[in-house]
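The next block holds one structure in the form of structure tokens; read it before the comments.
The values are calculated or read from the model by the stated rules, or taken from the named source; none is laboratory data. As the structure is a computational prediction, the values presented were derived from the model and not from experiment. No Cβ is skipped: glycine too gets one built from the backbone with ideal geometry, and neighbour counts run over all protein chains shown. Just so you know, the surface numbers come from the protein's heavy atoms only, side chains and all, with ligands and any DNA or RNA stripped out. Shrake-Rupley method; radii C 1.70, N 1.55, O 1.52, S 1.80 Å.
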Amino acid sequence: MKLGEKYIHVVVWLSVLFFMPSVTVSADIIQRADSAYLADDYALATSLYMDAEKELGSSSALLYNIGNSYYRSGEIGKAILYYKRALKLDPTNDDARQNLQFVMTKTVDRQDDNRSLIRKVADNIMFSNTPNGWAVVALVLFALFLGAVSLYVFSGSVIIRKVCFFGGLVILVFDGCIVYMAQKTASVVSDNSTAIVTSSNVQLSTVPRVPKDKSEQAFQLHEGAVVEIVDSVKLTSDSVFPMWLEVKVDNIHRAWINGKDVERL
């Protein structure tokens, strides 16, 4: 056996020795988490799924399981948070979407969807695939466009040239739309301005601090409410919970909330 081949075998065996135990441990954590969930020990299941996330990294399926465990534990705010995180990684996760829609009906603050019908249809189409999935579709369409251009240039048939010319234009337009959807879905994945209220009942303030009187009280939000973070302030006078976030609700109301009461997606 040549020296190079020996080196390759050594690397392979070292990889097996180092990584096989990690994979086994991670798989064991998930099995124990599943068993705890089936045994109705949802607190333990949540803890084990969280450990698995640290071991394996985030995945839509794992975040979905964490959401289920939180819901069964009665923490609907955390459940909504993790269902949304699961959909952020994989918009095609129908189980997470259906469970999210169901749990949202359990929230106190019913937030209306102000999107137009056209916008809803467009969003449903856009988020029916992942950014990588749309990127693959865009590449396939671009390859078809190049094929149409090649036929247009080299074909001697007038009919084929006309079909390739107009067909290529149509493909190019569709390809541009697909590229836009890939960029849009990717921007949603990277966006961290959305947050979920995880405390049961929160009094928001008109100023970035605990309201001193009723004049500084804005409105209340409850567990599971979805907010958009637009600004933040760190108070040097508060060493325990110094971060205050200005949030927007339903694109209308804005107020300040303590950072401990929300979690970003």
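Go through the stretch 223-256 and count every residue that is β-branched (Val, Ile, Thr) and under 25 Å from ALA86 (Cα atoms).
Initially, the stretch 223-256 is screened for residues β-branched (Val, Ile, Thr), giving 226-227, 229-230, 233, 236, 240, 247, 249, 252.
Of the ones still in play, those that are also under 25 Å from ALA86 (Cα atoms) are 226-227, 229-230, 247, 249.
Adding up the residues that qualify gives 6.
Under 7 Å between Cβ atoms, which residue pairs at least 6 apart in sequence (or on different chains) link something in the stretch 159-186 that is aromatic (Phe, Trp, Tyr) with a partner that is surrounded by fewer than 16 Cβ atoms within 10 Å (Cβ to Cβ) and modelled with pLDDT under 95?
none
Somewhere in the stretch 54-61, is a residue open to solvent by less than 40 Å² (accessible area, probe 1.4 Å), at pLDDT 90 or above and among the small types (Gly, Ala, Ser)? Working first, answer last.
Initially, the stretch 54-61 is screened for residues open to solvent by less than 40 Å² (accessible area, probe 1.4 Å), giving 57, 60.
Filter once more, so that each one left must be at pLDDT 90 or above: 60.
Now restrict to residues that are among the small types (Gly, Ala, Ser): 60.
Yes, that holds for at least one residue.
Report whether or not SER199 is in contact with a Lys or Arg (Cβ under 8 Å, 6 or more places away or on another chain) and not in a strand (DSSP E or B). Full working, then the answer.
Values: in contact with a Lys or Arg (Cβ under 8 Å, 6 or more places away or on another chain): yes; not in a strand (DSSP E or B): yes.
The answer is yes for SER199.
Pairs please, first residue from the stretch 42-69 and closer than 14 Å to ARG85 by Cα and in contact (Cβ under 8 Å) with a residue 24 or more places away in the chain, second anywhere and of a type in the set (Lys, Arg) and part of a loop (DSSP other than H, G, I, E, B), Cβ atoms under 6 Å, 6+ apart in sequence or on different chains.
Listed by first residue and then by second, the contacts come to nothing, as the list is empty.
Among the residues of the stretch 212-222, which ones are more than 15 Å from ASP261 (Cα to Cα) and surrounded by 13 or more Cβ atoms within 10 Å (Cβ to Cβ)?
So in the stretch 212-222, the residues more than 15 Å from ASP261 (Cα to Cα) come out as 212-218.
Listed by number, the residues that qualify are GLU216, GLN217, ALA218.
Among the residues in the stretch 183-191, are any more than 29 Å from TYR71 (Cβ to Cβ) and touching a Phe, Trp or Tyr at 6+ places or on another chain (Cβ under 7 Å)?
Scanning the stretch 183-191, I find no residue that is more than 29 Å from TYR71 (Cβ to Cβ) and touching a Phe, Trp or Tyr at 6+ places or on another chain (Cβ under 7 Å), so the answer is no.
Give the stretch 206-265 a look and list any residue that's in contact with a helix residue (DSSP H, G or I) (Cβ under 6 Å, 6 or more places away or on another chain), farther than 26 Å from TYR71 by Cα and assigned to a loop (DSSP other than H, G, I, E, B), or say none.
Listed by number, the residues that qualify are THR206, VAL207, PHE241.
Determine, yes or no, whether ARG85 is within 24 Å of ASP261 (Cβ to Cβ) and either without any contact (Cβ under 8 Å) to a residue 12 or more places away in the chain or under 17 Å from the mean Cα position of the chain (by Cα) (or both). Steps first, please.
Numbers: within 24 Å of ASP261 (Cβ to Cβ): yes; either without any contact (Cβ under 8 Å) to a residue 12 or more places away in the chain or under 17 Å from the mean Cα position of the chain (by Cα) (or both): yes.
Taking the combined requirement at face value, the residue satisfies it.
If a residue must be in contact (Cβ under 8 Å) with a residue 12 or more places away in the chain and farther than 23 Å from LYS106 by Cβ, how many such residues does the stretch 211-237 contain?
Kept after step one, since they are in contact (Cβ under 8 Å) with a residue 12 or more places away in the chain, are these residues of the stretch 211-237: 217-233, 235.
Of the ones still in play, those that are also farther than 23 Å from LYS106 by Cβ are 217-218, 229-233, 235.
Residues flagged as in contact (Cβ under 8 Å) with a residue 12 or more places away in the chain and farther than 23 Å from LYS106 by Cβ within the stretch 211-237 amount to 8.
Name the pairs: first residue in the stretch 91-120 and among the small types (Gly, Ala, Ser), second residue open to solvent by less than 100 Å² (accessible area, probe 1.4 Å) and assigned to a loop (DSSP other than H, G, I, E, B), Cβ to Cβ under 9 Å, at least 6 apart or on different chains?
What qualifies is ALA96/ASP90.
Rundown of residues vs (1) open to solvent by 90 Å² or more (accessible area, probe 1.4 Å); (2) at pLDDT below 90; (3) closer than 15 Å to SER205 by Cβ; (4) out of contact with any Lys or Arg (no Cβ under 6 Å at 6 or more places or on another chain), yes/no style:
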site: GLY224; (1), (2), (3), (4): no, no, no, yes
site: VAL227; (1), (2), (3), (4): no, no, yes, yes
site: VAL233; (1), (2), (3), (4): no, no, yes, yes
site: VAL240; (1), (2), (3), (4): yes, yes, no, yes
site: GLU246; (1), (2), (3), (4): no, no, yes, yes
site: ASN251; (1), (2), (3), (4): yes, yes, no, yes
site: ARG254; (1), (2), (3), (4): yes, no, yes, no
site: LYS260; (1), (2), (3), (4): yes, no, yes, yes
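Quick one: in the stretch 89-106, of everything that is open to solvent by 70 Å² or more (accessible area, probe 1.4 Å) and among the acidic types (Asp, Glu), which residue is modelled with the lowest pLDDT?
Here the answer is ASP94.
Can you list the helices (runs of 4 or more DSSP H) found entirely within the stretch 107-194 that contain at least 2 residues being open to solvent by 90 Å² or more (accessible area, probe 1.4 Å) and over 30 Å from ALA225 (Cα atoms)?
Details: elements: 117-126, 131-154, 158-190.
In the stretch 107-194, the matching helices (runs of 4 or more DSSP H) lie at 131-154, 158-190.
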